[in-house]
Amino acid sequence: MNRNGEEPGNRIVLDPTSERRLAIRERVARPSTLAGKTVGLLDISKPRGDVFLDRLEELLRARDVRTIRFAKPTFTKPAPVDLRHEIATRCDAVVEALAD
């Protein structure tokens with residue numbers, strides 16, 4: 001057990017949205033490698049998130065990983081459905097920048 005009394009490997013994930021009912025979602029397996037994959041870089045429009053993504057994009061491209069940049073209109077609301085759909089259809093993985 002860890003210091004929170006939980007078994008190792010078990011995690012509690014909190015959803016910061018205002019959903020009233022718990023949405024059960026199946027976890028998607030992580031790719032074993034990013035080679036040949038497309039990684040979406042999502043800027044949620046918080047200050048300095050772009051700085052983080054700029055550096056991450058540089059590191060990924062140095063490893064020949066294709067990246068596509070996306071941005072939410074505002075960090076105060078979930079990403080619009082059309083943006084989520086575009087990310088889901090064009091990317092194998094996504095990194096969301098949560099910075100201030």
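Structural remarks
- In the chain, the longest principal axis of the Cα atoms and the axis of helix 49-62 are about 70 degrees apart.
- Whether the range 17-67 is rounded, prolate or oblate, judged on the alpha carbon gyration tensor where a/c under 1.5 counts as rounded: oblate
- Heavy-atom accessible surface of Glu58, to the nearest 10 Å², is about 110 Å², with a 1.4 Å probe and all protein chains retained.
- Listed candidates (i) 9.9; (ii) 6.6; (iii) 8.6 - label of the one calculated as mean projected area of the Cα convex hull in nm²: (iii)
- For the range 56-100: rounded, prolate or oblate by the Cα gyration tensor [a/c cutoff 1.5]: oblate
- Taking every protein chain into account, the accessible area of the chain amounts to 84 square angstrom per residue (probe 1.4 Å).
- 0 to 90° range, to nearest 10: angle between helix 81-90 axis and the chain longest Cα axis: 70 degrees
- Ligands, DNA and RNA left out, the accessible area of the chain computed with a 1.4 Å probe is 51% carbon and sulfur.
- Gained length - Arg21 relative to Leu59, 0.36 nm times residue gap less alpha-carbon distance: 9.8 nm
The values are calculated or read from the model by the stated rules, or taken from the named source; none is laboratory data. What you see is a predicted model, and the numbers here were worked out from it, not measured in a lab. These area figures cover heavy atoms from the full protein model, side chains too; ligands, DNA and RNA do not enter into them. Shrake-Rupley method; radii C 1.70, N 1.55, O 1.52, S 1.80 Å.
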